[in-house]
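Reviewing the structure listed below.
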Amino acid sequence: MKIVIGSDHGGFNLKEALKHYFDSKEIAYDDLGTHDESSVDYPDYGAKVGYAVLDGDYDFGIVICGTGIGISIAANKVKGIRAALVYDENTARLAKAHNHANIIALGGRTTPVDQAIKIVEAFMNEHQEARHQKRIDKIKELEG
C-alpha cells in the first residue's frame, strides 16, 4: 500500500497528523506539500496529487484543504480522477465501493484527527464493486 497526500495551508495540520499515523503503521506515502502553514492555492495541490495518482505509483491519494470542497473540485478537473469529499467511514467506504474513487478529500478545519484516521482506514480496507462499472464507464465518457 502506498498513498500520496497533499494539502493547502488549511489542511496542513491534518495532513501532518495523518503522516504521523502512517509512520506509526508503517504505511508508505509521499507528501507533495504544502510543507508549512503559509498561504498557498489549493488547486495546485489537488492537481499534483491527481497527476501522481494517474501515474500509477500509488494505490490512492488524499487531498486536504480547509473544508475539502475546493481541493476536491480541483482534483476532479484532472481527467481520470474521481475525488470524493468524504466525512465519515460510511461515505469513505461507499466512495470506494460504488464510485471507484481514487482520491479522498478531507476538511482540515472540519474533520477531527481521530475521525480522519477512521475514514482513511475504511477507504483503505474497502474494495471496488464491479457491479458499478457501467456507471464508472459513463463518468469516463463524460470526460471525453
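None of the figures in this text is laboratory data; all of them are computed from the coordinates on show. The structure displayed is predicted, hence computed values, not measured ones. Cβ placement follows ideal geometry from the backbone for every residue including glycine, while neighbour counts extend to all protein chains displayed.
The alpha carbons of the chain give a radius of gyration and a Dmax of 13.9, 44 Å, in that order. Phi angles across segment 136-144 convert, under the Karplus curve 6.51 cos²θ - 1.76 cosθ + 1.60 with θ = phi - 60°, into 3J(HN,Hα) values of 5, 4, 5, 4, 4, 4, 4, 6, x Hz, Gly and Pro given as x.
When you count the other C-beta atoms within 10 angstrom of each residue and take the mean per peptide, 123-135, 42-54 line up highest first as 42-54, 123-135. For the chain, the longest principal axis of the alpha carbon atoms and the long axis of helix 42-54 meet at an angle near 50°.
To the nearest ten degrees, helix 12-25 and the longest principal axis of the Cα atoms of the chain are 80 degrees apart.
Can you give the FRET efficiency for residue 131 and residue 79, using 1/(1 + (r/R0)^6), R0 = 22 Å, r = Cβ-Cβ distance, to the nearest 0.05? Spell out each step's value before the answer.
Values: r = 24 Å, r/R0 = 1.11.
Efficiency at R0 = 22 Å is approximately 0.35.
Between the amide H of residue 82 and those of 102, 103, distances stay under 5 Å, these residues lying 5 or more places away or on another chain, with hydrogens modeled in the peptide plane. Bridgeable lysines around residue 118 (alpha carbons under 18 Å apart, same-chain partners fewer than 8 residues away excluded): 2, 15, 19, 25, 96. From most to least packed by mean Cβ count within 10 Å, the peptides 109-117, 2-10 give 2-10, 109-117. Along segment 109-123 the Karplus relation, 6.51 cos²θ - 1.76 cosθ + 1.60 evaluated at θ = phi - 60°, assigns HN-Hα couplings of 9, 10, 10, x, 4, 4, 5, 4, 5, 4, 4, 4, 4, 4, 5 Hz to successive residues, with x for each Gly and Pro. Excluding same-chain residues fewer than 8 positions from residue 79, which lysines have a Cα within less than 17 Å of its Cα? Within the straight-line limit of under 17 Å, residue 79 reaches these lysines: 48, 138, 140.
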